[in-house]
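See below for the structure under consideration.
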Amino acid sequence: MRKQMPALGAVTAIALTAAMVWQSRSGRVAMTLRLVPVALLLGTSSALAFDTSKLIQFGTLPFDDLTPVIAKSARLQQEINQALSEGNKEHRVVCLGMRFPGPWKNLGGLRVSPYTCDFGAKWLQIHATVRITDRHGRAFETITAKAMKNATNVSETNLNWEWTTECGTAAYCAWYVGDSAPAQDGPGIVAGVKDVANQLQLYLDYIADRRPAGFFNTSGIRPVRSYL
C-alpha cells in the first residue's frame with residue numbers, strides 16, 4: 001500500500017480563491033483581480049522536478065545514507081523501525097538508487113530517488129520529487145550540458161513509499177537480484193533502450209566538447225572510460 005506525506009496547501013488555498021471581481025456602481029468600469037495565474041506561478045517550483053530515470057546509471061548505497069531522506073517523515077521512520085525489529089537481526093539492509101554519472105561536475109556519484117531497500121523478507125520502495133539547482137537556485141528539469149556543468153544542489157521532497165514482496169522492475173533490480181526480478185513489458189523495454197541511447201549520446205557529446213588535446217587520434221576514439 002502506497003503512503004504519502006501530507007502536502008502543504010498554501011498555494012492550493014490561493015488557487016481556490018479563484019478570481020475576485022469588483023464592479024463599479026455604474027456597471028461600466030470593472031476591475032478584476034485574477035489570483036489563479038499568480039497561484040500557478042508560485043506553484044511552479046514544485047513542477048520543476050527532475051526525472052532521475054534518465055540518469056542511466058544506478059548503484060548501491062548504505063542504508064544509513066538514507067537517514068536524511070527518511071527523517072523527512074516520522075511515519076516512514078516508525079514503519080522502518082518496526083520492520084527492523086521484526087526482521088532477521090543478522091540481515092544487513094542494502095539499498096539501491098539512481099546515480100549521477102561522472103560528467104555531472106558537482107554531483108557525480110550522488111544517489112537519488114527512487115530508492116529500493118532490501119529488508120530480507122520484504123522490500124521498501126521510496127519515491128520523492130527530485131529537484132536539482134545551481135548555486136543561484138535556478139532549476140534544471142532535463143539533462144543538458146549546462147545542467148551537468150552547473151548543478152550543485154539536490155533536494156528530495158514529497159515522499160511516498162510502499163512495502164513490496166519483490167524488488168520491482170527497475171533496471172537496478174534485475175542487476176541486484178538477477179533472473180528473479182519481474183520482467184518489464186516488451187514496449188517498455190524498447191522505449192527504455194531508446195531513451196538510454198539518447199541520453200548516452202548526450203553524455204558522449206558533452207565529453208567530446210570537453211576533450212583534451214590528443215583525445216582523438218587517427219586510430220579512432222579512445223574508450224570513454226579512459227577519460228572519465
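The values are calculated or read from the model by the stated rules, or taken from the named source; none is laboratory data. Since the model is a prediction, treat every value here as computed from it, not as a measurement. Cβ sites come from the backbone with ideal geometry, for glycine too, and all protein chains shown count toward neighbours.
Failed condition for Arg111, given (1) within 26 Å of Ala174 (Cα to Cα); (2) among the basic types (Lys, Arg); (3) surrounded by fewer than 14 Cβ atoms within 10 Å (Cβ to Cβ), with all others met?
(3)
If you take the residues in segment 139-153 that are among the hydrophobic types (A, V, I, L, M, F, W, C) and in contact (Cβ under 8 Å) with a residue 60 or more places away in the chain, which one is nearest to Phe50 (Cα to Cα)?
Phe140
So Lys89 fits all but one of (1) at pLDDT below 95; (2) under 12 Å from the mean Cα position of the chain (by Cα); what number is the exception?
(2)
Return the residues of segment 62-107 that are touching a Lys or Arg at 6+ places or on another chain (Cβ under 6 Å) and either of a type in the set (Ser, Thr, Tyr) or surrounded by fewer than 17 Cβ atoms within 10 Å (Cβ to Cβ) (or both); say none if nothing qualifies.
Of everything in segment 62-107, just one residue is touching a Lys or Arg at 6+ places or on another chain (Cβ under 6 Å) and either of a type in the set (Ser, Thr, Tyr) or surrounded by fewer than 17 Cβ atoms within 10 Å (Cβ to Cβ) (or both), namely Lys105.
The rows are residues; the columns are (1) farther than 20 Å from Val177 by Cβ; (2) in contact (Cβ under 8 Å) with a residue 40 or more places away in the chain.
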position	(1), (2)
Glu79	yes, yes
Glu86	yes, no
His91	no, no
Cys95	no, no
Met98	no, yes
Arg111	no, yes
Ile126	no, yes
Gly137	yes, no
